[in-house]
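What follows is a set of notes on a single structure, which appears directly below.
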Amino acid sequence: MKQNQKKNYNKLSKYFRCLAVLGFFSICFTSCLDNEPAPIQIDHFIDNRLKPYFDKFKEEASARGFEFDFKELKVDGYIQGLSQSSVAGQCQTYETGNSAVIVQPIYWDNITELEKEFLIFHELGHCILDRAHLEDANPDGTCKSIMNSGGLFCDINYNIRTRDEYIDELFSN
Ligand SMILES: [Zn+2]
C-alpha cells in the first residue's frame, strides 16, 4: 500500500479490526470496543510462530507485484491474550504509527496450517493492504473473499484448491 494511505490508516489508532472464531471461524466482530495494551515495542517484532505465515504473505504479494517490508511499514506480529476471548486475531494500530497482528494463543494452538494461513492473511489484509471486511458470497454461498468477517454471512471455503483464487482476490482489491 502507499505510504500516504498508511499514514491515514494509522490515524485511526483507536480503531482496530478483527477476526473472531468460535469453533471454526463462526463469529466475528467488525470492530473491538476495548483497547488492548500496546505491546512493548522493541523496534520490530514478529513472533517466530507467526513468521512463516508473514513470510508466505510477503511471497504471495511479491508474486503479484507488491513489494514491501514489514519493518518499514511498522507491522509487527504477536501471540498474546486478547480481552475478547472469542476473537481469534486482530489488526491493531497504535498512536506510534505501528500496527500489529495479534493472535489469541488458544486458537493458534488448535487450528490447522491452512487455518493459520487464512487467519494471518486476513489480518495482514487489514494491516498491510488496508482492506475492510467484505461479506459477499458466491451463488453457492461460499465467501468471495478472505476478508469476510469470519463466516457470518457466507461459508468459508479456504482450502488447497481454492487458496490461489482467494489470494488473487486479496491482492487485487
Ligand atoms: Zn477482520
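Only the coordinates and a few stated rules stand behind these numbers; no lab work does. Being a predicted model, the structure only gives us computed values, none of them experimental.
Please work out how many pairs of lysine residues in region 50-173 are eight or more positions apart (or on different chains) and have Cα atoms closer than 15 angstrom.
Lysine pairs satisfying the spacing and distance rule in region 50-173 number 6.
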(Q) Per residue of region 127-142, what does 6.51 cos²θ - 1.76 cosθ + 1.60 with θ = phi - 60° give for ³J(HN,Hα)? Whole Hz please, x for Gly and Pro, Karplus curve as stated. (A) 5, 9, 8, 6, 8, 9, 5, 9, 9, 4, 10, 6, x, 8, x, 6
Q: Starting from the amide H of LEU73, placed 1.01 Å from N in the peptide plane, find each other amide H under 5 Å away whose residue is 5 or more places distant or on another chain.
A: none
Q.
Quick one: 3J(HN,Hα) in Hz for region 64-73, Karplus 6.51/-1.76/1.60 with θ = phi - 60°, rounded, Gly and Pro as x.
A. 10, x, 9, 10, 7, 10, 4, 5, 4, 7
